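Engineer: Supplied in structure tokens, the structure appears directly below.
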Amino acid sequence: MQITFTREVTIPDAVKLARYRKAPELGPRILFFSGGTALRDLSRCLIHYTHNSIHIITPFDSGGSSRRLRQVFHMPAIGDVRNRLMALADQTFQGHPEIFRLFAHRFPVDGDPQSLAAELASMATDRHWLINDIPDPMRKIIRHHLQRFEAEMPADFDLRGANIGNLVMTAGYLENRRHMDPVIYIFSKLVEVRGVVRPVINADLHLGAILENGECVLEQHCLTGKQTDPINTPIEKLYLVAGTRGKGSDKPVRVSIRDKMAKLIRGADLIVYPMGSFYSSVMANLLPDGVPEAIQKNQCPKVFVPSTGNDPECFGLPVEKQVRRLLACLTRNENNNVPTESVLNCVVVDTANGIYPTGLDTRAIAALGLNVIDWPLVTPESTPHLDPEALSEVILSLT
């Protein structure tokens, strides 16, 4: 039997927060659609309240060292998955801080290629200081994966700026017949991850975008404004492509999530579309078929937390239009006949302290049938970004 009902909530709910903090292993299943580093501090805060948060990550990153791994091994981007696992890791003795230290280690971007290859070899053969302190059997597992990566990488592979955790996870991905779940499981056990992290799909795809002026932009790093000049025309459409070069590479492709991903979404106690790069982190997660349907079938509350500060992807896109784009994407497979409340219930903002460069009209958002939670979320220490503790209290109170 299923029963649907509404209830009032208190923000912040001191009793609920104290209960969660006392027994985080029994905490709520809060699901985030995200990517990148925007939720790193929030994730570190959340593990004090719940060990059951669920993080659906975009595997479409095309920049930095992830780009080299993807080009060589034709794989999904693994860096954002690793980053979120590290943010959720137990950094106490129980979580093996020496493993955390190794997985966070990054080779210098100006290092000598031969010296970096020699350093990787020393890690694989147990002579490196980052490896020596790791107890068995974890040390043997890590060495095995580094040896596998050494065997797989081309002789001219560029290790400059490479993250060791990414190399270990890449080796695990290749060793497990290009399945991501087994290596995430091993990685999670090694550093005692307090939550669930999964890429939305396990496929070697990239992002494509059509701008309002008709221009086509391929690859995520060309949208974010971090490694290239920011876009100066609003994004009209976001889609997935199978490649970024060659004939037909800019044609949209469709892909569906697995049943186990749909089950994760349907089982969440709260769904959050959080701050971060609006298109490449949040909207990208919603593109695969099956995601909107799974969200619609879950009767839990759904919350949108727009970014404060500058998001280059939101050029010409005020918060109200972000909400409209979100709703259109979430109802796209049902001819827009889906009730708004089945995919989104409220928007969390801070009108007093938050900076929304493209504009924020709370009355226009409320006119869409959504609740607007206006709460102090930006502190002097966090400005222009949201304070992770303040945001945690609001999100947890909504469960």
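The values are calculated or read from the model by the stated rules, or taken from the named source; none is laboratory data. Note that the coordinates shown come from a computational prediction; the quantities given were computed from them, not determined experimentally. With ideal geometry, Cβ positions are generated from the backbone for all residues, glycine too; neighbour counts draw on all protein chains shown. Quick note on the areas: whole protein, heavy atoms, side chains included, nothing else; ligands and nucleic acids left out. Shrake-Rupley method; radii C 1.70, N 1.55, O 1.52, S 1.80 Å.
Engineer: If one puts a single equal scatterer on every Cα of the chain and applies the Debye formula without solvent, what log₁₀ I(q)/I(0) results at q = 0.10 Å⁻¹?
Structural biologist: Taking Cα atoms of the chain as identical point scatterers yields -0.68.
Engineer: While we're on this one: Could you give the spread of the C-alpha atoms of the stretch 146-212 along their three principal axes, from largest to smallest, in whole angstroms?
Structural biologist: 47, 37, 24
Engineer: Please give the per residue accessible area of the stretch 21-98, computed with a probe of 1.4 Å over protein heavy atoms only, in Å².
Structural biologist: Averaged over the residues of the stretch 21-98, the accessible area is 34 Å².
Engineer: Counting alpha carbon pairs within less than 8 Å and at least 6 residues apart, what relative contact order, in whole percent, applies to the chain?
Structural biologist: Worked out over the chain, it gives 19 percent.
Engineer: Under 1.5 on a/c is rounded, so check that first for the stretch 295-399, then, if it is not, pick prolate when a/b is larger than b/c and oblate when it is not; a ≥ b ≥ c are the square roots of the alpha carbon gyration tensor eigenvalues. Write out the running numbers ahead of the final one.
Structural biologist: On the way: a/c = 2.17, a/b = 1.42, b/c = 1.52.
Verdict is oblate for the stretch 295-399.
Engineer: Out of the GluC sites (Glu not before Pro) in the stretch 158-227, which ones are loop residues according to DSSP with at most 13 other C-beta atoms within 10 Å? Don't skip to the end; give the middle numbers.
Structural biologist: Values: sites: GLU175, GLU192, GLU212, GLU215, GLU219; in loops: GLU192, GLU212, GLU215, GLU219.
Filter output for the stretch 158-227: GLU212, GLU215.
Engineer: Also, I was wondering about something else. With a 1.4 Å probe and all protein chains left in place, how much of the accessible area of the chain comes from carbon and sulfur atoms, in whole percent?
Structural biologist: Working: 8960 of 17870 Å².
Taking all protein chains in place, the chain shows 50 percent carbon and sulfur surface.
Engineer: Straight-line reach from LYS237: which lysines have a Cα under 26 Å away, not including same-chain ones fewer than 8 places off?
Structural biologist: LYS226, LYS247, LYS251, LYS297, LYS302, LYS321
Engineer: Same structure again: If you roll a 1.4 Å probe over the heavy atoms of the protein chains, what accessible area per residue do you get for the stretch 130-273, in Å²?
Structural biologist: It amounts to 47 Å² per residue over the stretch 130-273.
Engineer: For the stretch 315-364, evaluate the Debye formula with one uniform point scatterer on each Cα (no solvent term) and list log10 I(q)/I(0) at q = 0.15, 0.16, 0.24 Å⁻¹, rounded to two decimals.
Structural biologist: Log10 of I(q)/I(0), two decimals: -0.47, -0.52, -0.94.
Engineer: By a straight-distance test (C-alpha under 20 Å), which aspartates and glutamates pair with LYS140 as possible cross-link partners, with residues fewer than eight away in the same chain excluded?
Structural biologist: LYS140 reaches GLU98, GLU119, ASP126, GLU150, GLU152, GLU175, GLU192.
Engineer: To the nearest 20 debye, what is the magnitude of the charge dipole of the stretch 1-92 about its Cα centre, counting +1 on the Cβ of each Lys and Arg and -1 on the Cβ of each Asp and Glu?
Structural biologist: Numbers: 13 positive and 7 negative charges, 26 e Å.
Its charge dipole is roughly 120 debye.
Engineer: Another one. Identify all aspartates and glutamates with a Cα-Cα distance to LYS263 below 19 Å; exclude those on the same chain that are fewer than 8 residues away in sequence.
Structural biologist: Partners found: ASP181, ASP289, GLU293.
Engineer: Could you work out Rg/(2.2 N^0.38 Å) for the stretch 107-158, with Rg from alpha carbons only?
Structural biologist: Taking N as the residue count of the stretch 107-158, the ratio is 1.16.
Engineer: Treating the stretch 273-337 as a set of equal point scatterers at the Cα positions, no solvent, please give the Debye-formula log₁₀ I(q)/I(0) at q = 0.15, 0.20 Å⁻¹.
Structural biologist: -0.47, -0.82
Engineer: Find the accessible area per residue for the stretch 277-399; the probe is 1.4 Å, ligands and nucleic acids are left out, and the unit is Å².
Structural biologist: Averaged over the residues of the stretch 277-399, the accessible area is 39 Å².
Engineer: While we're looking at this one, here's another question. Over what distance in Å are the Cα centres of the stretch 81-116 and the stretch 146-161 separated?
Structural biologist: Each part reduced to its Cα centre gives a spacing of 17 Å.
Engineer: Can you tell me what percent of all Cα-Cα pairs in the stretch 194-235 are more than 10 Å apart? Write out the running numbers ahead of the final one.
Structural biologist: Details: 649 of 861 pairs.
Above the 10 Å cut-off, the stretch 194-235 has 75 percent of its Cα pairs.
Engineer: Moving on to the next point. Take the alpha carbon atoms of the stretch 1-79, find their radius of gyration, then divide it by 2.2 N^0.38 Å using N residues; give the quotient.
Structural biologist: Normalised Rg, Cα atoms only: 1.54.
Engineer: Let me ask something else about it. Grab the DSSP H runs of the chain that are 4 residues or longer, score each as -39,500 (n - 2.57), total them, divide by all residues and round the 222 nm result to the nearest 500 deg cm²/dmol.
Structural biologist: Only helices count here, giving -10000 deg cm²/dmol.
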